[in-house]
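Before any comments, here is the structure.
The values are calculated or read from the model by the stated rules, or taken from the named source; none is laboratory data. Just so it is clear, the model here is predicted, and its values are computed rather than measured. Reconstructed Cβ throughout: ideal geometry from the backbone, glycine too, with neighbour counts over all protein chains shown.
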Amino acid sequence: MTRPHEDLEIAIFRQDQALLRRHLSDWTFQKVVDRHKIIWPADEELKLPIHEIHAHSTKDPQLSLEFLLNERIAHDWVFRRDTRIRMPLKHAIVFAKGNLTILCPAIVLLFKAKDPRPKDDADFRSARGEMSRDQLRWLEESLRVCDPTHRWLNQIRDSDRDSSSPSASPDSTESYPC
């Protein structure tokens, strides 16, 4: 994490939404449609463009979770806003400190790039220095597909990477290591 966060979003694959309901069987669920939370009926399978779910514990009213549905085709994570943008799952899901499974930072930044707020720009600046050249290259290529004039493109291109960092090794053989 690059800064304190008010919330936590949990990424799951769209195909796993029924498993989510089964796992949290005593919770209530809402889906977000046009920025409004509405009840998500138990028998409804969520399709695009719906991608945000809020779950609320029936036992503890203070406990709620937010889930974001992610797309995948076979062994690739797929960007829901443009299916031309993909990343192999073995690179899209990574381990952070403490062995916590997270979405690759390049993917997270791609989502934040749509309409970046000041905190998203700060996250980009902070994460940019920690990302490998391949991660930055993937983000750059993805941004070029979505928005060829995006303001982060020049900053990615002009990044002065620390070549002594193992994650920034130019000898990497992987195409999208995160």
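Please determine, by comparing only the residues of the stretch 73-106 that are touching a Phe, Trp or Tyr at 6+ places or on another chain (Cβ under 7 Å) and not charged (D, E, K, R), which one is surrounded by the most Cβ atoms within 10 Å (Cβ to Cβ).
So in the stretch 73-106, the residues touching a Phe, Trp or Tyr at 6+ places or on another chain (Cβ under 7 Å) come out as 85-89, 91-92, 101, 106.
Checking the rest, the ones that are also not charged (D, E, K, R) come to 85, 87-89, 91-92, 101, 106.
Details: 85: 19, 87: 24, 88: 16, 89: 14, 91: 20, 92: 21, 101: 9, 106: 26.
Checking each candidate, the answer is 106.
Listed here are the residues, each with its yes/no results for (1) without any contact (Cβ under 8 Å) to a residue 12 or more places away in the chain; (2) touching a Ser or Thr at 6+ places or on another chain (Cβ under 8 Å).
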{"position": "21", "(1), (2)": "no, no"}
{"position": "57", "(1), (2)": "no, yes"}
{"position": "62", "(1), (2)": "yes, no"}
{"position": "101", "(1), (2)": "yes, no"}
{"position": "107", "(1), (2)": "no, no"}
{"position": "119", "(1), (2)": "no, no"}
{"position": "127", "(1), (2)": "no, yes"}
> Quick one: which of 20, 69, 65 is within 25 Å of residue 111 (Cα to Cα), assigned to a helix (DSSP H, G or I) and touching a Phe, Trp or Tyr at 6+ places or on another chain (Cβ under 9 Å)?
Replying inline: 20
> in contact with a Pro (Cβ under 9 Å, 6 or more places away or on another chain), closer than 21 Å to residue 88 by Cβ and either surrounded by 18 or more Cβ atoms within 10 Å (Cβ to Cβ) or acidic (Asp, Glu) (or both) - does that describe any residue in the stretch 110-121?
Replying inline: no
> What single numbered condition from (1) in contact (Cβ under 8 Å) with a residue 24 or more places away in the chain; (2) of a type outside the set (A, V, I, L, M, F, W, C); (3) crowded, with 17+ Cβ neighbours inside 10 Å fails to hold for residue 31?
Replying inline: (1)
>> If residue 80 meets every condition in (1) free of Cβ contacts under 8 Å to residues at least 24 places away in the same chain; (2) under 21 Å from residue 139 (Cβ atoms) apart from one, which number is that one?
In response: (1)
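Can you find, within the stretch 145-157, the residue that is farthest from residue 77 (Cα to Cα) among those that are surrounded by 13 or more Cβ atoms within 10 Å (Cβ to Cβ) and touching a helix residue (DSSP H, G or I) at 6+ places or on another chain (Cβ under 9 Å)?
155
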> Listed residues 106, 127, 92, 122; which is aliphatic (A, V, I, L, M) and out of contact with any Leu (no Cβ under 7 Å at 6 or more places or on another chain)?
Replying inline: 122
> Taking the stated definitions as given, is residue 50 surrounded by fewer than 14 Cβ atoms within 10 Å (Cβ to Cβ), within 30 Å of residue 141 (Cβ to Cβ) and either of a type in the set (A, V, I, L, M, F, W, C) or at pLDDT 95 or above (or both)?
Replying inline: no
